[in-house]
Structures are given as C-alpha cells and as structure tokens.
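So the structure is just underneath, and the comments pick up after that.
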Amino acid sequence: SAVISQKPSRDICQRGTSLTIQCQVDSQVTMMFWYRQQPGQSLTLIATANQGSEATYESGFVIDKFPISRPNLTFSTLTVSNMSPEDSSIYLCSVPGLAGDNEQFFGPGTRLTVL
Amino acid sequence: GDSVTQMEGPVTLSEEAFLTINCTYTATGYPSLFWYVQYPGEGLQLLLKATKADDKGSNKGFEATYRKETTSFHLEKGSVQVSDSAVYFCALSDRGKSTFGDGTTLTVKP
C-alpha cells in the first residue's frame with residue numbers, strides 16, 4: 001500500500017485568493033489523481049497528473065482554475081485559483097496501487113473553506 | 001463513459017438490523033469494484049473490493065459480490081452497529097481512475 005500525506009489538512013481562505021495543496025507519496029508512481037468532494041456530495045475527478053507531461057483535466061475543470069504541478073514521481077501540487085465560496089470542498093489526491101487490481105489509495109484530504 | 005448508481009439515502013436502521021445498500025454500474029472495460037466508507041470528519045477508507053466477476057469482497061462483517069450479469073455490487077451486513085454510522089460510497093476503477101457513486105448516509109440508532 002502507499003502512504004500519502006497532504007498539506008495543509010485544512011484552511012480558511014478569502015475569496016479571490018489562491019491556495020496550493022501539496023501531495024506527497026512514499027513511493028514512486030506514474031499517475032496521481034486529484035479529486036474534489038463538495039459538501040454532502042461524492043468525489044469528482046479533477047485531473048490526472050503525470051510526471052513529465054501536462055495534467056489531463058476532466059470535463060468542467062480547466063488548467064487556469066486548477067493548475068497542477070508534478071515535478072517528480074512522488075510529489076504533486078494542486079492550486080485552487082481565484083477562489084470563491086463555491087470552491088469550498090475537500091480536495092484529495094490519490095495514487096493507483098501496485099497490485100494491478102485497480103485499487104486506489106487516497107490521501108487524508110485538504111478541507112478548504114472559502115469565505 | 002463509466003458511471004455508478006447508488007441507492008439513495010439517507011438510510012436509518014436500528015442496531016442489529018440487516019443492511020443492504022444497492023449499487024449498479026456501467027463500464028466499457030473490466031473494472032474493479034469497491035466500497036469506501038467515510039466516517040464523520042474523517043477521510044475516505046477502503047472497506048472492501050472485488051476485482052472480477054463473482055468475486056466476493058468482505059471486511060468487518062460487510063460483504064459485496066461482483067455480479068457481472070446484473071452489473072451490481074450491493075453492500076450487505078447482517079447486523080449493523082451504531083459504530084457503522086457513516087457515508088458509504090460505491091466506486092469502480094479502471095486503469096487507476098475511479099468513478100464514484102453519490103454516497104449513502106447510514107445512521108444506526110441504538
């Protein structure tokens with residue numbers, strides 16, 4: 001299994017500002033995923049971050065709003081730009097397991113509140 | 001694209017009652033199926049999984065069987081406890097990317 005940490009664990013931000021969330025994995029992985037969980041809702045995939053190439057965004061998510069960096073095989077950042085209260089969510093990163101059974105391991109999440 | 005349809009909630013049961021949470025899926029490939037649990041104020045935890053048709057995943061008294069013929073992965077527990085109160089998510093995963101159902105909130109009363 002993979003051990004994933006995220007920073008910060010939570011934050012309260014003012015509208016119009018940006019927040020960068022960090023995700024660190026204890027092993028090298030090719031793909032990392034970023035999800036959003038809005039209050040009372042399910043998880044929605046934002047983008048897939050591959051090392052050495054630009055992130056691939058899902059429908060409804062754009063790079064200008066959610067820029068992603070993937071400088072190496074154990075680390076990624078997600079920035080939530082020009083925040084509004086609608087961005088208040090839990091943001092989670094995840095990585096695939098190594099067993100080849102499609103399992104994913106999730107970080108503890110970053111709880112963001114935008115005022 | 002892939003999708004997961006989960007039984008609507010919330011579900012309220014008395015302690016020791018039988019639990020079923022329905023989950024059906026649509027997938028173009030051959031996904032693995034998962035149930036995750038999220039306790040109040042906590043992160044997402046894997047509850048159980050099944051990787052191919054007819055596999056049964058089980059953990060902590062919960063079970064689910066991968067039914068390819070009905071494209072289902074219903075979660076069951078014979079006797080729920082107050083500590084099982086949480087949100088349960090059905091999910092499928094293919095090539096490392098997961099698709100989640102909307103979640104079902106379970107409340108178990110003493």
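We did not get these values from a lab; they are worked out from the coordinates using the rules stated. Note that the structure is a prediction, hence the values are computed from the model and not measured. When we count neighbours, we look across all protein chains shown, and the Cβ atoms used for this are built from the backbone with ideal geometry, even at glycine.
How long are the semi-axes of the equivalent ellipsoid of chain B, taking √(5λ) for every eigenvalue λ of the Cα gyration tensor, in whole Å from largest down? Write out the running numbers ahead of the final one.
Working: eigenvalues 108, 39, 28 Å².
Semi-axes (√(5λ), whole Å): 23, 14, 12.
For B:Lys56, the lysines whose Cα comes closer than 19 Å to its Cα, not counting residues fewer than 8 places off in the same chain, are B:Lys68, B:Lys77. Straight-line cross-link partners of B:Lys97 among the lysines, defined as a Cα under 16 Å from its Cα and at least 8 positions apart when in the same chain: B:Lys49. Counting only aspartates and glutamates at least 8 places from A:Lys65 when in the same chain, those with an alpha carbon closer than 20 Å to its own are A:Asp11, A:Glu54, A:Glu86, A:Asp87.
By the Cβ-Cβ criterion of under 4.7 Å, the unpaired cysteines of chain A are A:Cys13.
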